[in-house]
2 protein chains.
Amino acid sequence: MKFSNFFAPTLKEKPKDAFLKSHEYLIRGGFIQQIGSGIYNFLPLGVRVLEKIKAIIQEEMNKTGALEVSLGFVTAASLWQKSGRYERYGKELLRFKDRKENEFVLGPTYEEVITELIKSYIKSYKQLPLHLYQINLKFRDEIRPRFGVIRGREFLMKDGYSFHGSKEDLKREFNVMEETYTRIFTRLGLEFRVVEADSGAIGGSGSKEFMVLAQSGEDTICVCNKCQYAANLEAARRIKKTAKTPPPQADFAKFHTPNTTTIESLAEFFKVDSFWTIKAVVKKALFEKGESALVFFFIRGCETLNVTKALNAIAGANDIIEASEEEIRSVGLCPGYIGAYALRNITQSPYIYFDKELEDCKHLIMGANEEDYHFVGVDLSLCEGIEFRDLIEVKAGDLCPKCGEDKQGELYLTQGIEVGHIFQLGDKYSSAFEAFFLDESGRSKPFLMGCYGIGVSRLLGAIIEQHYDERGMQWNKAIAPFTLDIIVSNIKDTQQMEYARNLYRALQERGIECILDDREERYGAKIADFELIGIPYALIVGKGLNEGNIEFIQRKNLLKEKLDSRDCVVEKILERIGS
Amino acid sequence: MKFSNFFAPTLKEKPKDAFLKSHEYLIRGGFIQQIGSGIYNFLPLGVRVLEKIKAIIQEEMNKTGALEVSLGFVTAASLWQKSGRYERYGKELLRFKDRKENEFVLGPTYEEVITELIKSYIKSYKQLPLHLYQINLKFRDEIRPRFGVIRGREFLMKDGYSFHGSKEDLKREFNVMEETYTRIFTRLGLEFRVVEADSGAIGGSGSKEFMVLAQSGEDTICVCNKCQYAANLEAARRIKKTAKTPPPQADFAKFHTPNTTTIESLAEFFKVDSFWTIKAVVKKALFEKGESALVFFFIRGCETLNVTKALNAIAGANDIIEASEEEIRSVGLCPGYIGAYALRNITQSPYIYFDKELEDCKHLIMGANEEDYHFVGVDLSLCEGIEFRDLIEVKAGDLCPKCGEDKQGELYLTQGIEVGHIFQLGDKYSSAFEAFFLDESGRSKPFLMGCYGIGVSRLLGAIIEQHYDERGMQWNKAIAPFTLDIIVSNIKDTQQMEYARNLYRALQERGIECILDDREERYGAKIADFELIGIPYALIVGKGLNEGNIEFIQRKNLLKEKLDSRDCVVEKILERIGS
């Protein structure tokens, strides 16, 4: 490709709303153009990178036996009504009517469509397993699209759905996908973690996210400093925390504790570590049909409630929100002094949960449900019918649940960009759609489903968030729009042009994707474009050619090297590029 | 690919609404699944063919220097308001609002988007010419989607847009695209015609359509039996028709002609060929802002008015519709006796047009604008200020405008499916968007644009309409989902399976895309699927293997040939497949 015939409209100015470097550089480098909130045109450079990413994904997916399909983008609302998501999905689901007033949505995901598809064709276990995937446009009407292609409204996604006759086979495919995604993201040159994710809300039995490590990431993830363990905050576990101070020795008793409505004041009052206190966190859970109820979570005073874990604890709840002081007082409770004793009798609420690390714990201090009073010497091992759940947020410095015992691996928090998500859905959709097959013994069973997504257009941004410097982007060879930029310093110098053209042809013949910068531009502008666009290598054909010198540059470290222009240049370049 | 791992859900029953064979076979063969009116899922077989068609289009487009982009599907309504098409496009343009009540459309075509894109980046003639294309989903809310993928609502389209500094350069690119499209459709194995199309409405200076010849086509096209000339009815021309009978000899005079309100009765009255009579066709033209006017077209009595040609004759008209007898009488005219003399004075209408074949004609008979009276001996060469236009429909047997003089080529009418359209748009959109560039002398000029479309998903249907028999589809090798179907007659016969597997591996290694039919199905079902799906070649590994025989079948003519299973089978197959 000759640059003079190409369309890579680079810009000097940073777009106003670009807070991330990837957003800024992709626009300035002429890869994308914003045409609406969260909607982008992909220009030739952007398309070249997208196509390479797609090819890698297709190659790896096809290797596993998954089959590519292309599902209709405009989807009948009736399918979404059947699964119940038409109402539940919220405003991110773009709904509209056609000329005949039929209701449709723009597909943000395809569990409904694919389940209906499978239902109409697959009848027997003999036709299983089956994995269908597509790489297609999706639309999600984000309230606040941002970060360029990382959180757009219209985006390209690889979504795959697998169907199985048994849990074991679903698990097998899930593992194959974990390996496949790992290979894909490795080939894309990403530093990432496979992260245990929350799967409570969708009700599946396992879910992992692929997180690109980047300071600018929106997601906080919890990573071990010694092993590969990583998890989302809402899924992170740890080795049970142990006491660092001796327990307060006291028999069970009610104690007058004026002005101790906070854990700090309570611990201070008793001169104990807040580890020995119990904090009550009151929330309001929302259920189907507009019903709601107060819910009570008891955790150590030194811990923080994780809202997703809390939500997952309550069967049937769709969401939990803050409970107001009025609401708490109206059921006869006194904020600051709430405890578990007699709580069910006072409030009638069945929703009372303790953090699982409190199981069988003694020597605790807890509210007495009476203003200015706490109980001391609380022994939970004596209480019956307590429901223990994992409720608390893991903190930096906690011990890794995988290697904490042996190697004392410690967890730390870092930021990530989610680029993939794999999911064991189970029979959630197949049951809702009555999508059944006959098993070996002739019994009708719902399919067991997995689903697997990769944010393809988002990857453009995620990759750059890990690979840039102050001059621009740094694409790796596997997905760079071009591998080598041959820059002619002065195109009016016929010797330079002639030499560059010959080299360009010779390298193209050897399979190197070159762009020949033959534009009528200053040398400095050409170098600036090379650095901004982030082509992995450049070759400068300039004045030095008279003395038999050309210059080879690696974009990543901007390392420059003089080459003898008369001596096996093609071979030397191939060697350096590693082709 | 092993058939047992593949997903090609073939059906025996014909879908109720499938009137075309392509529609029936694509659904029965498991290439597509209908999920809504005019909306389809593409299953693995369909995707494989689509991908091959896309690859051919991309290869040929890229060769010309056109650059691939991907434009946002969800498009701001404001762009369409700017071009005026938001109102004019009609209900086929699907309009909707997002969660913030902003108005959008689903892009059916991208002249607006691309013009805005170019405007923001291209400032100088030095950056021209530029041709950007995409292969992306489009949506057109057809009132009556039909014929499967041939007239869907959601469809895959290649649309390209070129920008130029001069008419000559636009014309050059237009010619390049005509050649490119011709190569693409030839590689797809299609019998097609490049057809002159009407370009009046869009106001460009040239437009050609690529029509696949098929009985089932919706478009009537006019084709020469001796040369390559072909045109849409609304664009078809012919060599001027000459008289087959001597002219009625009469001096100019008003004649009492009772009961001659039809051309037949008039010709009968005078015992002349209707060639010598003039027919008045009165229509009502609709203009912007709800204005309308009666319009008058005069053509020979033996001809038919072509409505598109008629519409193009009237500057500024958006549409023409029938005029009622009341409307005609209300301006003082008498249906059946309308003529051109004094017509402007009677009606005040400036919209009076004669067919151009009537220029300078004499000996004509025409209405006298008086009940029961006609003029005879009308000599148009004596009249001043007549506007002559091409108004009439070409008929079978008319002489070809290209070779009619020399070779007496005759036109005939046939049916076609439009699969491509190329267009010289000129400055229509660039002027509306104030998209200007500076030319060599520093003057600001609107870009001159071309646009070029291929109906990619429609091609699946169009190809089959030309390549099927009563058993199913007949794909050609260039785009077939697989090249060779290796059918194992009895998979429990280990010798057969072993042989087939080895052959499969050997042929795959030689680059032949094979599918190994190792399903637990009857032999007859496997053959029926091979014939329905239309894989170009099959190899039957059956009982004959014991005697050293296998069978090679060509799908197209169902020609069968015995091959010696022990003698260079791979080479023999490669030879027959032509790889």
Being under 22 Å from the mean Cα position of the chain (by Cα), assigned by TED's automatic domain parsing to the domain that holds A:Ile417 and farther than 19 Å from A:Pro481 by Cα narrows A:Leu50, A:Leu20 down to just A:Leu20
Q) Are any of the residues in the range B:163-180 modelled with pLDDT of 95 or more, in a strand (DSSP E or B), assigned by TED's automatic domain parsing to the domain that holds B:Gln81 and in contact with a Leu (Cβ under 7 Å, 6 or more places away or on another chain)? A) yes
Exactly one of B:Ala500, B:Ala506, B:Ala478, B:Ala528 is within 27 Å of A:Ser70 (Cβ to Cβ) and part of a helix (DSSP H, G or I), and that one is B:Ala528
(Q) When you check B:Val74 against the structure, is it crowded, with 17+ Cβ neighbours inside 10 Å, touching an Asp or Glu at 6+ places or on another chain (Cβ under 6 Å), modelled with pLDDT under 95 and among the hydrophobic types (A, V, I, L, M, F, W, C), yes or no? (A) yes
Taking the range A:314-342 and keeping residues under 22 Å from A:Val378 (Cα atoms) and hydroxyl-bearing (Ser, Thr, Tyr) leaves A:Tyr337, A:Tyr341
B:Val195 vs (1) surrounded by fewer than 20 Cβ atoms within 10 Å (Cβ to Cβ); (2) more than 13 Å from every other protein chain (Cβ to nearest Cβ); (3) at pLDDT below 95: all pass except (1)
Exactly one of B:Ala480, B:Ala506 is buried (at least 21 other Cβ atoms within 10 Å of the Cβ) and either outside the structural domain of B:Glu571 (by TED's automatic domain parsing) or under 21 Å from B:Gly578 (Cβ atoms) (or both), and that one is B:Ala480
* With the condition kept exactly as written, say whether any residue in the range A:94-110 is at the interface with chain B (Cβ under 9 Å from one of its Cβ atoms), buried (at least 22 other Cβ atoms within 10 Å of the Cβ) and part of a helix (DSSP H, G or I). => no
Exercise. Is there a residue in the range A:8-18 that is at the interface with chain B (Cβ under 7 Å from one of its Cβ atoms) and outside any loop (DSSP other than H, G, I, E, B)?
Worked result: no
The residue from A:Gly38, A:Gly46, A:Gly30, A:Gly72 that alone is within 23 Å of A:Arg153 (Cβ to Cβ), within 11 Å of chain B (Cβ to nearest Cβ) and in contact with a Ser or Thr (Cβ under 7 Å, 6 or more places away or on another chain) is A:Gly30
Of the residues in the range B:509-537, those that are closer than 21 Å to B:Ile479 by Cα and loosely packed, with under 15 Cβ neighbours inside 10 Å number 3
So B:Ser78, is it out of contact with any Leu (no Cβ under 8 Å at 6 or more places or on another chain), more than 28 Å from B:Ala462 (Cβ to Cβ), among the hydroxyl-bearing types (Ser, Thr, Tyr) and within 10 Å of chain A (Cβ to nearest Cβ): yes
Checklist entry - Is one or more of the residues making up the range B:237-253 over 24 Å from B:Lys356 (Cα atoms), loosely packed, with under 15 Cβ neighbours inside 10 Å, at pLDDT below 95 and polar (S, T, N, Q)? => result no
By residue number, the members of the range A:137-155 that are in contact with a Gly (Cβ under 8 Å, 6 or more places away or on another chain), assigned to a strand (DSSP E or B) and closer than 24 Å to B:Phe155 by Cα are A:Lys138, A:Phe139, A:Glu154, A:Phe155
Checking B:Ile118, B:Ile135 in turn, the sole residue that is surrounded by 16 or more Cβ atoms within 10 Å (Cβ to Cβ), under 27 Å from A:Glu142 (Cβ atoms) and at pLDDT 95 or above turns out to be B:Ile135
For the range A:278-302, the count of residues that are in contact with a Ser or Thr (Cβ under 9 Å, 6 or more places away or on another chain) and part of a loop (DSSP other than H, G, I, E, B) equals 2
When (1) among the acidic types (Asp, Glu); (2) surrounded by fewer than 17 Cβ atoms within 10 Å (Cβ to Cβ); (3) at pLDDT 95 or above are applied to A:Glu551, the one that fails is (2)
How many residues of the range B:26-54 are touching a strand residue (DSSP E or B) at 6+ places or on another chain (Cβ under 8 Å) and within 25 Å of A:Ala77 (Cβ to Cβ)? The answer is 13
Filter result for A:Ile35 (among the β-branched types (Val, Ile, Thr), within 23 Å of A:Tyr181 (Cβ to Cβ) and either under 22 Å from the mean Cα position of the chain (by Cα) or not in a helix (DSSP H, G or I) (or both)): no
Picking from A:Ser216, A:Ser205, A:Ser292, the residue that is among the polar types (S, T, N, Q) and modelled with pLDDT under 90 would be A:Ser205
Taking the range A:116-150 and the residues there that are among the acidic types (Asp, Glu) and closer than 30 Å to A:Gly30 by Cβ, the one that is nearest to the other protein chains (Cβ to nearest Cβ) would be A:Asp141
Selection from the range A:141-189 of residues at positive phi and out of contact with any strand residue (DSSP E or B) (no Cβ under 8 Å at 6 or more places or on another chain) yields A:Phe147, A:Gly189
Given (1) farther than 27 Å from B:Leu43 by Cβ; (2) within 14 Å of chain B (Cβ to nearest Cβ); (3) of a type outside the set (Phe, Trp, Tyr); (4) free of Cβ contacts under 8 Å to residues at least 24 places away in the same chain, A:Thr186 misses just (2)
For the range A:536-579, the count of residues that are of a type in the set (S, T, N, Q) and under 42 Å from the mean Cα position of the chain (by Cα) equals 3
Restricting the range A:57-69 to residues that are more than 7 Å from every other protein chain (Cβ to nearest Cβ) and not in a helix (DSSP H, G or I), the one surrounded by the most Cβ atoms within 10 Å (Cβ to Cβ) turns out to be A:Ala66
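The values are calculated or read from the model by the stated rules, or taken from the named source; none is laboratory data. Note that the structure is predicted; figures quoted are calculated from it, not measured. Using ideal geometry, Cβ is built from the backbone for each residue, glycine included, and neighbour counts are taken over all protein chains shown.
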